[in-house]
Protein chains: 2
Amino acid sequence: MIANELRELRDQIDEVNLDILALLNKRGKIVQKIGEHKEKQGVVRFDPVRERQALDLIMENHEGPFEASTIQHIFKEIFKASLELQEDDHKKALLV
Amino acid sequence: MIANELRELRDQIDEVNLDILALLNKRGKIVQKIGEHKEKQGVVRFDPVRERQALDLIMENHEGPFEASTIQHIFKEIFKASLELQEDDHKKALLV
């Protein structure tokens with residue numbers, strides 16, 4: 001009975017993990033489009049003001065249970081990964 | 001026109017960020033329930049086998065555009081934050 005409850009909670013976690021994964025991939029595709037856009041315009045890819053705005057919006061909507069600093073840390077990792085994705089695409093474009 | 005397109009893509013990113021935030025918070029709440037459950041059972045909180053299984057399921061479902069190593073890294077940060085959340089709750093429970 002109690003083991004079943006734990007299994008059910010773990011199944012819920014697996015489901016949320018896959019939902020987060022789907023959103024990360026969706027985010028990655030949008031980021032690639034932004035990268036292509038900036039590539040065409042010859043604009044620099046990293047924009048600290050925009051990153052600050054995006055993070056502020058996230059923190060305004062944060063309700064817990066995680067600490068605010070934890071949420072900031074996770075999103076900064078996501079932002080970093082997104083920038084690397086644009087940079088990889090840029091390198092590939094140069095090699096074509 | 002082109003500035004509008006960039007703004008629209010950024011709006012999409014903001015929307016996805018808030019969806020990811022909502023899922024992280026949802027995940028945090030499930031993790032807290034698992035923590036309470038383990039607390040009652042006197043079971044250790046960190047379970048590397050379970051973490052490996054959860055990560056394997058994520059990686060089986062990963063399609064890109066991020067590198068697999070990037071996705072692993074982000075989820076390991078989420079796992080770490082979740083364990084810290086359980087540990088904080090444990091400390092609070094001891095103080096009551």
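Bear in mind that the values in this text are calculations on the coordinates, not laboratory data. Remember, predicted model here, so these are calculated numbers, not experimental data. So basically every Cβ, Gly included, is an ideal-geometry build from the backbone, and we count neighbours across all protein chains shown.
Normalised by 2.2 N^0.38 Å, with N the number of residues, the alpha-carbon radius of gyration of the stretch A:2-95 equals 1.39. A Gaussian network model of chain A, with springs between Cα atoms under 10 Å, assigns the largest mean-square fluctuation among A:Val43, A:Val16, A:Val31 to A:Val16.
On the beta carbon distance between B:Leu6 and A:Glu51, with R0 = 22 Å, the FRET formula returns roughly 0.90. Among the residues of A:70-79, the average count of other protein chain beta-carbon atoms within 10 Å of the residue beta-carbon is 5.
Which entries of A:Lys33/A:Lys92; A:Lys76/B:Lys80; A:Lys29/B:Lys76; A:Lys76/B:Lys26; A:Lys92/B:Lys76; A:Lys76/B:Lys91 have Cα-Cα distances beyond 18 Å here? Result: A:Lys29/B:Lys76; A:Lys76/B:Lys26; A:Lys92/B:Lys76; A:Lys76/B:Lys91 exceed 18 Å. Converting phi to 3J(HN,Hα) with the Karplus coefficients 6.51, -1.76 and 1.60 and the offset θ = phi - 60°, the stretch A:85-94 yields 4, 5, 5, 4, 4, 4, 4, 4, 4, 5 Hz in sequence order, with x at every glycine or proline. Ranking B:Asn4, B:His37, A:Gln12 by Cα position along the charge dipole of the protein assembly as shown, where only Lys, Arg, Asp and Glu carry charges on their C-beta atoms, puts B:His37 farthest toward the positive end. Whole angstrom only: what separates the Cα centroid of the stretch A:1-25 from the Cα centroid of the stretch A:65-96? Cα centroid of the stretch A:1-25 versus Cα centroid of the stretch A:65-96: 24 Å apart.
Loop-located GluC sites (Glu not before Pro) in the stretch B:25-85 (DSSP state other than H, G, I, E, B) with a sparse environment of at most 10 neighbouring Cβ atoms within 10 Å: B:Glu63. Taking θ as phi - 60° and the Karplus parameters 6.51, -1.76 and 1.60, the scalar couplings of the stretch A:56-62 work out to 4, 4, 4, 5, 5, 9, 7 Hz in sequence order, x denoting glycine and proline.
Under the convention that each Lys and Arg Cβ holds +1 and each Asp and Glu Cβ holds -1, the size of the dipole of the stretch A:2-95 around its Cα centre is about 620 debye.
For the residues of A:8-18, the average number of beta carbons from a partner chain within 10 Å of their own beta carbon is 6.
Partner shielding of A:52-60 amounts to 2, given as the average count of beta-carbon atoms from other chains within 10 Å of each residue beta-carbon.
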